[in-house]
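The values are calculated or read from the model by the stated rules, or taken from the named source; none is laboratory data. This is a predicted model, so every value here is computed, not measured. Ideal geometry is used to build each Cβ from the backbone, glycine not excepted, and the neighbour counts take in all protein chains shown.
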Amino acid sequence: MKIIAISTSPRPISNSRHALNQAIKYLYNMGVETELYDFNKLNIEPCHGCDYCKMNDKQECSIKDDMQEIYESLKTADGFILASPIYMGQLTAQAKMFLDRLYAYFMSDWTEKYGRKKVAVLVSQGQPDEDLYRTNIETYRFNFEEILNFEFIGYTVLTRNNIAGSIIEKPQQIEQAIDLVKLFL
């Protein structure tokens with residue numbers, strides 16, 4: 001089994017990244033092959049909306065950047081976990097860019113070629129109400145499941161994390177992240 005982890009926090013000391021690291025460490029210790037991509041450190045452009053991916057038989061993106069490595073990794077992965085903080089009531093711009101760059105697989109036979117991927121979303125936020133931004137997470141679920149034909153297996157929201165690094169003192173939230181990735185097993 002292979003699971004890809006996509007961290008989309010721009011912070012160097014990121015609560016969502018720390019929880020993601022602990023979760024994929026758990027998977028690795030369970031014998032799962034893991035790969036971590038720190039989206040903010042990669043050279044990835046936003047989707048150009050050029051429809052190149054729809055005009056050829058390969059369903060490939062015309063932008064030759066670091067997203068190509070993620071595309072290749074996704075082909076052999078069983079699933080991926082997307083980790084993001086909530087900024088201004090939404091997942092980060094980096095998370096949206098990741099989703100937009102998956103457009104190359106929309107209305108294609110990608111799932112038939114490489115299998116239906118499982119997807120989980122891990123969110124960290126400062127607000128105490130874990131349901132406050134549920135509609136944003138549901139938008140991602142809809143896109144992953146209904147548009148891209150991936151299997152959305154779940155999400156978790158880690159609350160009261162508005163201070164960078166504060167999650168380090170919250171072992172119960174690390175357990176939440178680990179419980180989320182157990183859904184891949």
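General observations
- Qualifying residue in the stretch 53-70 (condition: assigned to a loop (DSSP other than H, G, I, E, B), closer than 30 Å to Ser166 by Cα, among the aliphatic types (A, V, I, L, M) and out of contact with any Asp or Glu (no Cβ under 9 Å at 6 or more places or on another chain)): no
- Screening Leu36 against (1) in a strand (DSSP E or B); (2) more than 19 Å from Glu151 (Cα to Cα); (3) in contact (Cβ under 8 Å) with a residue 60 or more places away in the chain leaves a single unmet condition, (3).
- Any hit, the stretch 134-146, residues being assigned to a loop (DSSP other than H, G, I, E, B), free of Cβ contacts under 8 Å to residues at least 60 places away in the same chain and in contact with a helix residue (DSSP H, G or I) (Cβ under 9 Å, 6 or more places away or on another chain): no
- Where a residue in the stretch 19-31 is closer than 15 Å to Asp179 by Cβ and touching a residue at least 40 places away in the same chain (Cβ under 8 Å) and its partner, wherever it lies, is surrounded by 15 or more Cβ atoms within 10 Å (Cβ to Cβ) and hydroxyl-bearing (Ser, Thr, Tyr), with Cβ under 7 Å and at least six apart: Ala19/Ser124; Leu20/Ser7; Ile24/Thr34; Leu27/Thr34
- Unmet requirement for Met55, which otherwise passes all of (1) touching a helix residue (DSSP H, G or I) at 6+ places or on another chain (Cβ under 8 Å); (2) of a type outside the set (Ser, Thr, Tyr); (3) free of Cβ contacts under 8 Å to residues at least 40 places away in the same chain: (1)
- Yes/no for Ala120 being touching a helix residue (DSSP H, G or I) at 6+ places or on another chain (Cβ under 7 Å), assigned to a helix (DSSP H, G or I) and in contact (Cβ under 8 Å) with a residue 60 or more places away in the chain: no
- Boolean, Ala93 is within 15 Å of Tyr140 (Cα to Cα), touching a Phe, Trp or Tyr at 6+ places or on another chain (Cβ under 9 Å) and at pLDDT 95 or above: yes
- Failed criterion for Ser84 (all others in (1) surrounded by fewer than 15 Cβ atoms within 10 Å (Cβ to Cβ); (2) under 18 Å from Asn40 (Cα atoms); (3) of a type in the set (Gly, Ala, Ser) hold): (1)
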